[in-house]
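See structure below.
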Amino acid sequence: MPQRIPVVEKILSANDRLALENRSRFDAAKVFAINVMASPGAGKTSLIEQTVKGLGGRLRIGMINGDIATSFDADRAQAAGATAIQINTGGDCHLDAVMVQSALFQLDLGTLDLVIIENVGNLVCPADFKLGAHKSVLVASIPEGDDKPYKYPGMYRGVNAVVINKIDLLPYVPFRMDFFKRGIEVLNPGVTQFELSCRTGEGLSGWLAWLEGQVKEFTAACINL
Amino acid sequence: MHELAVTESLLEIAVRHAQAQNARCITDLYLVLGQWSSIVDDSVQFYWDIISDGTIAKGAILHFRRVPVLLTCQDCGKEYQPASEEFACPYCNGTHVKVKTGEEFHLEAIDVEE
């Protein structure tokens, strides 16, 4: 006669447990980490380039790039002034905590204030794999269309900030900003949002100020512990 | 998405709880799966059949209790299931909402034999 055992336990995978370890390493080194996600071509690398150029004089920035192939993006970050590590996932469509852990062994965290992790271009899988970063950022772009929050609720729901890139293209492509923002607002009430263009520089200062503020707040909190 | 990792975790949790009760085998697992949990039950079943082989969970039946997404509008207080193309409150058009149900993914209970 079968006996019922109540369990009520969340199914936290081994990846999530390792992500917590990565987070501890960042915390111990007082390094603020962000996980930047987007579909291919939205502007992750461009945003990171502009971020390194804009804040590199005041913050020591490391960058971890995940791509199936090439070191194009790590090279661009390095050229902008960051210490960059390239992870080639060999076919995996997302970074996971194991890959980030291996990158952390290659970075001297003691010499950094901020680590920017650029995830593989993908709006689905990265949402399910925690890396151990403190905040996650989604880069959306105008040419992708305004229905993406509705089509990818898991991604839009889980992030701490949404950057809407390529606003310089608004006069040329159909995009209902109110429809787009309504989708975001329901899924992620009060999420921090930025509208900018990496290409023209419009709106970039707001993003830079927010990120720098996040790093300063984190560092101050570490000191007070 | 990527249900192998979560199915492995599911097996570990179930076996751990069964062994704590000195059970001989696990006959059933009861899972709660929210509509917005991004877990596909068919994929979990597929991986489960493979990885439970050779364990005390071999042959155990997975029961999925699916929970629909229910949002509570913070502006007018009404509950509703969002349409796939429009998430705002159908009563007052508000976007100030809280997810009441729909994001769950946990193992509720298991049935074992001593």
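The values are calculated or read from the model by the stated rules, or taken from the named source; none is laboratory data. Computed from a predicted structure; not experimentally measured. Reconstructed Cβ throughout: ideal geometry from the backbone, glycine too, with neighbour counts over all protein chains shown.
Consider region A:27-47 and keep the residues that are over 20 Å from A:LYS148 (Cβ atoms) and in contact with a Leu (Cβ under 7 Å, 6 or more places away or on another chain). The one that is surrounded by the fewest Cβ atoms within 10 Å (Cβ to Cβ) is A:ALA29.
Whether a residue is within 14 Å of chain B (Cβ to nearest Cβ) and either on the phi < 0 side of the Ramachandran plot or without any contact (Cβ under 8 Å) to a residue 12 or more places away in the chain (or both) was assessed, and A:VAL139 does not pass this test.
When the test is whether a residue is within 30 Å of A:ASN224 (Cα to Cα), polar (S, T, N, Q) and free of Cβ contacts under 8 Å to residues at least 40 places away in the same chain, A:THR89 does not pass it. Taken over region B:1-40, the residue count meeting the criterion of being surrounded by fewer than 15 Cβ atoms within 10 Å (Cβ to Cβ), more than 10 Å from chain A (Cβ to nearest Cβ) and either out of contact with any helix residue (DSSP H, G or I) (no Cβ under 7 Å at 6 or more places or on another chain) or without any contact (Cβ under 8 Å) to a residue 12 or more places away in the chain (or both) is 3. Exactly one residue out of A:ALA133, A:ALA221 is within 18 Å of the chain's Cα centre (by Cα) and either assigned to a helix (DSSP H, G or I) or modelled with pLDDT of 95 or more (or both), and it is A:ALA133. Among the criteria (1) assigned to a helix (DSSP H, G or I); (2) within 14 Å of another protein chain (Cβ to nearest Cβ), the one A:MET1 does not fulfil is (1). Within region B:86-114, the set of residues being outside any strand (DSSP E or B), free of Cβ contacts under 8 Å to residues at least 12 places away in the same chain and more than 7 Å from chain A (Cβ to nearest Cβ) comprises B:PRO90, B:ASN93. Answer with yes or no whether A:ARG23 is modelled with pLDDT of 95 or more and over 25 Å from A:LEU123 (Cα atoms). No, not satisfied.
Pairs meeting the criteria (first residue in region A:9-28 and within 14 Å of another protein chain (Cβ to nearest Cβ) and assigned to a helix (DSSP H, G or I), second residue surrounded by 15 or more Cβ atoms within 10 Å (Cβ to Cβ) and of a type in the set (Lys, Arg), beta carbons under 6 Å, at least 6 apart or on different chains) are A:ASP16/A:LYS130; A:ALA19/A:LYS130. For region A:130-174, a residue qualifies if it is closer than 29 Å to A:ILE11 by Cβ, crowded, with 18+ Cβ neighbours inside 10 Å and among the basic types (Lys, Arg), and the qualifying residues are A:LYS130, A:LYS148, A:ARG157.
Looking at (1) buried (at least 17 other Cβ atoms within 10 Å of the Cβ); (2) more than 27 Å from A:LYS166 (Cα to Cα), which one does A:ARG17 not meet, given that it meets all the others? Failed condition: (1). If you filter region A:146-160 down to residues that are in contact with a Phe, Trp or Tyr (Cβ under 8 Å, 6 or more places away or on another chain) and in a helix (DSSP H, G or I), you find that the one that is nearest to the other protein chains (Cβ to nearest Cβ) is A:GLY154.
I'd like to check something: does region A:216-223 contain any residue that is touching a residue at least 60 places away in the same chain (Cβ under 8 Å), touching a strand residue (DSSP E or B) at 6+ places or on another chain (Cβ under 9 Å) and of a type in the set (S, T, N, Q)? Scanning region A:216-223 turns up at least one residue that is touching a residue at least 60 places away in the same chain (Cβ under 8 Å), touching a strand residue (DSSP E or B) at 6+ places or on another chain (Cβ under 9 Å) and of a type in the set (S, T, N, Q). Every test in (1) closer than 17 Å to B:GLU85 by Cα; (2) among the β-branched types (Val, Ile, Thr); (3) in contact (Cβ under 8 Å) with a residue 60 or more places away in the chain is passed by A:ILE184 save one, and that test is (3). Would you check which residues across region A:161-177 are under 24 Å from A:LEU211 (Cα atoms), of a type in the set (A, V, I, L, M, F, W, C) and in a loop (DSSP other than H, G, I, E, B) and list them? Matches in region A:161-177: none.
Condition test on A:ALA127, is it away from chain B (no Cβ under 14 Å) and either assigned to a helix (DSSP H, G or I) or surrounded by fewer than 24 Cβ atoms within 10 Å (Cβ to Cβ) (or both)? For A:ALA127, the condition - away from chain B (no Cβ under 14 Å) and either assigned to a helix (DSSP H, G or I) or surrounded by fewer than 24 Cβ atoms within 10 Å (Cβ to Cβ) (or both) - is not met.
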